[in-house]
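Only one structure is covered here, and it is reproduced in the block below.
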Amino acid sequence: MKVVIFAGGLGTRISEESHLKPKPMIEIGDKPILWHIMKIFSSQGFNDFIICLGYKGYVIKEYFSNYFLHNSDVTIDLKGNTVSVHNTNAEDLKVTLVDTGLNTKTAGRLKRIRHHLGNEDFMLTYGDGVADIELADLLAFHRGHNRAATVTAIQPMARFGVMQIKPDSSVEAFREKARDDEGWINGGFFVLRPEVFNYLPDSADDVMWEDQPLADLTKADQLIAYQHHGFWKCMDALRDKMELEEIWNSGKAKWKRW
C-alpha cells in the first residue's frame, strides 16, 4: 500500500525555520520530521511513498538524491571518478517526489498525484505530524467499515489549564493542560479508497482537501473516524518543534517504533 505525504505548504507559522527549508525538512534531533513520519510507516511495513512537493521542493529532492551517500561509508577515487560503497545504513524505501505546485492547495496536490496510485487503497498524511499509531489496527478498522475514507481522529492537549468555577466565583477544580474533552480533530493518517477522487472537483488547485471534499464525503456517509487515544503531536509552530526536540532528546519519543 502506498503512502502519500503532503509536503508542499509554506509553513508560515514556523517561518523562523521555514524561510530556509520546507517545514517537513525541519529537524527533530538530527533528522527531518519527514524522515520521522516515514519511519513510522516503514517500521510497520509501509515502504512506498509519494511526496507532494511545493515550496522549496528542491530541498527535499536533494535530500533523497543524496540520502544513500550520506548514510554510507564510501571510498572516493577523485582521479578515477569512482565511488566504492563499503556499507550503508540507508533504509529500504521507495520515494516518488512529485512537484504539485507552489500555491496548490491540498486537494489539488492529491489530484495531481492520482496517476501514481493505480486502483488500490492508499494512506495519506501530513508532513508535520507524528503519532504512536498502530497502522495495522487503523487499516483493519478501515477495511471493516466499508467507507471510502477513514480519518484518524485525535483529542489534542489543551494549551492552557482549565478551571471549573462555582456560581460564587470560587474555583471548584483546576486541571493543568489536560486533553481537550470537547471534541475530536483531524489528525491525518488517512486510509482512502480510489473513489475519493470522485469527490475532488475537476479544478482542485484552489480547494483544501479538509474543506469541501471531506464535507461531501461526510454527507455521503463515506467518512469514518478511527479514534486514536495515544500520542500525537503536530509541529505547527516553533514551540511545537522545541517540544518535539525535547521529547526526542529525552529518549522517550513515543512515535519511535524502530
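Tell me, which residue of segment 243-258 that is outside any loop (DSSP other than H, G, I, E, B) and farther than 13 Å from D30 by Cα is most open to solvent (accessible area, probe 1.4 Å)?
Result: E243.
Can you run down the residue pairs with Cβ atoms below 6 Å, 6 or more apart or on separate chains, where the first is in segment 228-253 and among the acidic types (D, E) and the partner is at pLDDT below 95 and surrounded by fewer than 18 Cβ atoms within 10 Å (Cβ to Cβ)?
As it stands, the answer is D236/R13, since those pairs meet every condition given.
Is it fair to say F41 is exposed (fewer than 15 other Cβ atoms within 10 Å of the Cβ), out of contact with any helix residue (DSSP H, G or I) (no Cβ under 6 Å at 6 or more places or on another chain) and aromatic (F, W, Y)?
no
Given the structure, is L10 within 16 Å of the chain's Cα centre (by Cα), of a type outside the set (S, T, Y), in a loop (DSSP other than H, G, I, E, B) and under 23 Å from A237 (Cβ atoms)?
yes
Output the residues belonging to segment 214-242 that are under 26 Å from P201 (Cβ atoms) and open to solvent by 80 Å² or more (accessible area, probe 1.4 Å).
Matches in segment 214-242: T218, K219, D221.
Taking segment 221-242, which residues are closer than 30 Å to A148 by Cβ and not in a loop (DSSP other than H, G, I, E, B)?
L223, I224, A225, Y226, Q227, W232, K233, C234
For segment 10-33, indicate whether the set of residues that are of a type in the set (D, E), closer than 22 Å to K94 by Cα and buried (at least 16 other Cβ atoms within 10 Å of the Cβ) is non-empty.
Among the residues of segment 10-33, at least one is of a type in the set (D, E), closer than 22 Å to K94 by Cα and buried (at least 16 other Cβ atoms within 10 Å of the Cβ), which makes the answer yes.
One residue is enough: does segment 202-216 have a residue meeting the conditions of a type in the set (F, W, Y), closer than 30 Å to E17 by Cα and part of a strand (DSSP E or B)?
no
Which members of segment 144-163 meet the condition of being part of a loop (DSSP other than H, G, I, E, B), among the hydrophobic types (A, V, I, L, M, F, W, C) and surrounded by 15 or more Cβ atoms within 10 Å (Cβ to Cβ)?
A148, A158
The values are calculated or read from the model by the stated rules, or taken from the named source; none is laboratory data. Please read all numbers here as calculations on a predicted model, not as lab measurements. Every residue, glycine as well, gets a Cβ built from its backbone with ideal geometry; the counts of neighbours run over all protein chains shown. Just the protein is used for accessible areas: all its heavy atoms, side chains included, with ligands, DNA and RNA removed. Shrake-Rupley method; radii C 1.70, N 1.55, O 1.52, S 1.80 Å.
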